[in-house]
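Just below is one structure, and these are the notes that go with it.
Just so you know, all these numbers are worked out from the coordinates, no wet-lab data involved. Quick caveat: nothing in here was measured; it's all calculated off a predicted structure. So basically every Cβ, Gly included, is an ideal-geometry build from the backbone, and we count neighbours across all protein chains shown.
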Amino acid sequence: MSTTISATSDAEAILALPEDTIPDFLRKEISTKRLHALVVKLNRDALGGPPVRRDTARAALKRLGFV
């Protein structure tokens, strides 16, 4: 299974990843220098916008270990 995020919502795609693929996903995002941009976007969504978007972004950050 590919762990590249290509869904309409990054947060929803992260939440849909199987638990055992999270470490590989993080390694891939780090090696391709995309993790920073992803976390910035999730932080922005977690701090503003509609409540559903905020909650989903916060859950994704938590799943990745950033909360």
Calculate for the chain the 222 nm mean residue ellipticity that helices alone would give, adding -39,500 (n - 2.57) per DSSP H run of length 4 or more and normalising by residue count, nearest 500 deg cm²/dmol. -20000 deg cm²/dmol
Under the definition of Cα pairs under 8 Å and six or more residues apart, what whole-number percent is the relative contact order of the chain? 34
Please give the FRET efficiency for residue 33 paired with residue 13, using the beta carbon to beta carbon distance and R0 = 22 Å, rounded to the nearest 0.05. 0.75
So which DSSP H runs in the chain come out at 15 Å plus along the axis (Cα) with average Kyte-Doolittle of at least -1.0? 35-47, 51-64
Can you order the peptides 13-24, 53-64, 38-49 by their average number of other Cβ atoms within 10 Å per residue, highest first? 53-64, 38-49, 13-24
